[in-house]
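The values are calculated or read from the model by the stated rules, or taken from the named source; none is laboratory data. The structure presented is a predicted model; accordingly, all values stated were derived computationally and were not measured. All Cβ positions, even for glycine, are placed from backbone atoms using ideal geometry, and neighbour counts span all protein chains on display.
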Amino acid sequence: MKTFAVLGAAALITSSASATYTNLTVEVAYNVSGSQGVRDVYSVYANFTLSNDRILNLFDYANISGTMGARHNDNAFGDIDTDGDGYPDIFGATGSWSLAYNFTAGNATDTYVTVQGTSATGTALDPSFTQPFTSATIGGTNAGWYDATPGTQNTIGATLRVKVMQISRVAGDMTAYTGEMTVGYSIFGSTNPFFGLDQRFSLPIPAPGALALLGLAGFASRRRRA
């Protein structure tokens, strides 16, 4: 697993004195085997500083640039016959972003959105989240998803992070993509919602070797200026 912070500015919060949400990070597992082949699986996490906060929703999702390249293993809306021969030749290219479908399929390489990390019943899609859709982008303009069990206090927990999205790509797909969303959350003991506005994440994340080369390039540049 490799984890990197997203690109962009720090979170803009409604009250900086109460800011416990920090940023989004992306973690990737390469060459994961599943029922639809080998995938690279990207997990997007919202990070916090207090374990007893609770994430409420993700909304105003926007595709900033590039192609997401997501693949769905649940086939909720069927496979695709691209050459018109009457037989599907792309499997899992369309499907549901609902985590419940992933649990039904029993495949860890599916693509889905979530609020509670791994709970199949704890996440609901906002009406603006349109389905079915292609693998290129997330569904709908300003799409969102939210906690479907508001009566249950699903706290952030000891890890200080919550998984909010999983994107499964064909192994080796290095197409650049940047997405953006707003993170809504509540602070323990307060009824006021707080928001991390316009948070971005990017795919793919740099490989360790590439990061090392970037560091060397920066070092050489500094030496030249000296």
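Across the stretch 117-143, what is the number of residues that are modelled with pLDDT under 85 and in a strand (DSSP E or B)?
0
Could you count how many residues in the stretch 154-170 are more than 17 Å from the chain's Cα centre (by Cα) and hydrophobic (A, V, I, L, M, F, W, C)?
Counting residues in the stretch 154-170 that are more than 17 Å from the chain's Cα centre (by Cα) and hydrophobic (A, V, I, L, M, F, W, C) gives 1.
I need the full set of residues from the stretch 89-99 which are within 16 Å of Ser35 (Cα to Cα) and modelled with pLDDT of 75 or more, in order please.
Of all residues in the stretch 89-99, those within 16 Å of Ser35 (Cα to Cα) come to 89-95.
Once the filter is applied, which keeps residues that are within 16 Å of Ser35 (Cα to Cα) and modelled with pLDDT of 75 or more, the stretch 89-99 yields only Gly95.
For the stretch 20-60: of the residues being among the small types (Gly, Ala, Ser) and within 23 Å of Ile205 (Cβ to Cβ), which is surrounded by the fewest Cβ atoms within 10 Å (Cβ to Cβ)?
Here is the first cut: in the stretch 20-60, the ones among the small types (Gly, Ala, Ser) are 29, 33-35, 37, 43, 46, 51.
Next, from what is left, pick out any that are within 23 Å of Ile205 (Cβ to Cβ): 29, 33-34, 37, 43, 46.
Numbers: Ala29: 15, Ser33: 12, Gly34: 18, Gly37: 14, Ser43: 19, Ala46: 27.
Taking the candidates together, the pick is Ser33.
Any residue in the stretch 77-88 that's loosely packed, with under 12 Cβ neighbours inside 10 Å: show its pairings with residues that are modelled with pLDDT under 80 at Cβ separation under 9 Å, as long as the two are six or more apart or on different chains.
Once the first residue is loosely packed, with under 12 Cβ neighbours inside 10 Å and sits in the stretch 77-88, its partners that are modelled with pLDDT under 80 give Thr82/Pro88; Thr82/Asp89; Thr82/Ile90; Thr82/Ala93; Asp83/Asp89; Tyr87/Asp81.
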